[in-house]
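J.: First the structure, which I've put down as structure tokens, then a few questions once you've had a look.
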């Protein structure tokens, strides 16, 4: 359940990132603040997901202390 929820969240952010990048590349608005905000927030979220994943893997691969 937890893994499925995480995959759905990642998929939603990837779609939002694609749409934001498409709007930046093809749009002619005076300001792209919203699009850049979406990209910055998604980078932060993907970074946190990666950080926690690395921490979890590191915790399980540590050799037992004697």
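J.: Based only on other Cβ atoms within 10 Å, what is the fewest-to-most ordering of 42, 31? Please report the intermediate quantities before stating the final value.
T.: Values: 42 17, 31 7.
Fewest to most other Cβ atoms nearby, the residues stand as 31, 42.
J.: Once R0 is set to 22 Å, what does the formula 1/(1 + (r/R0)^6) return for the Cβ-Cβ distance between residue 12 and residue 57, expressed as a FRET efficiency to the nearest 0.05?
T.: Details: r = 24 Å, r/R0 = 1.11.
Efficiency, from the Cβ-Cβ distance: 0.35.
J.: Given the rule -39500 (n - 2.57) for each run of at least 4 DSSP H residues, summed and divided by the residues of the chain, what is its mean residue ellipticity at 222 nm, to the nearest 500 deg cm²/dmol?
T.: Rounded to the nearest 500, it is -29000 deg cm²/dmol.
J.: While we're looking at this one, here's another question. To the nearest whole percent, what portion of all C-alpha pairs in the chain is separated by more than 21 angstrom? Before the final figure, lay out each step's value.
T.: Numbers: 925 of 2145 pairs.
Beyond 21 Å sits 43 percent of the P(r) for the chain.
Readers should treat all values here as calculations from the given coordinates under stated rules, not as data from a laboratory. Just so we're clear, the structure is a prediction, and the values are computed from it rather than from any experiment. Cβ: placed from backbone, ideal geometry, glycine included. Neighbour counts: every protein chain shown.
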